[in-house]
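K.L.:
Starting off with a structure, shown below.
Each reported figure results from applying straightforward, stated rules to the coordinates on display, with no laboratory input. Not measured: the values here are computed from a predicted model.
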Amino acid sequence: MTARDLCHRYLHALNTGDLEGVYALFTPDASIVSPLYGTRPARAFYAELFADTNRSETTLINIFDSSASGEAVALHFRYRWTLSTGKVVAFECVDVFDLAPDGQAFTSMTIIYDTAPLRADFEAARRGG
């Protein structure tokens with residue numbers, strides 16, 4: 001499987017709400033750095049993200065693949081996120097993934113986007129309303 005395949009599988013798992021499918025793409029000790037959730041183990045991050053999510057829709061803009069020389073890949077996409085409350089927030093983001101030495105899984109991910117336009121809605125949803 002190529003880094004691009006991993007990226008496409010990742011977006012598909014987000015779009016279909018496939019938590020086990022997302023877990024399968026990361027090494028057991030993988031970590032996530034998120035502007036909203038902080039730094040977390042991947043399994044804890046995705047369990048929380050999916051609990052906070054009613055629906056995810058992604059639109060791929062580009063894949064930046066340096067896996068041939070640098071063991072990293074980045075996804076640039078638009079994310080339409082329906083929170084558990086039904087509130088929809090949309091933004092453009094970049095997810096930067098480090099790859100396992102064999103290139104068959106992600107070992108970490110750093111998410112980059114501006115949280116200012118959606119932080120109030122996110123925090124209200126987390127409070128239950």
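K.L.:
With contacts defined as alpha carbon pairs under 8 Å and 6 or more residues apart, what's the relative contact order of the range 3-126 in percent?
P.N.:
26
K.L.:
Then there is this: For the chain, what is the calculated [θ] at 222 nm in deg cm²/dmol (nearest 500), taking -39500 (n - 2.57) for each run of four or more DSSP H residues and dividing by its residue count?
P.N.:
-8000 deg cm²/dmol
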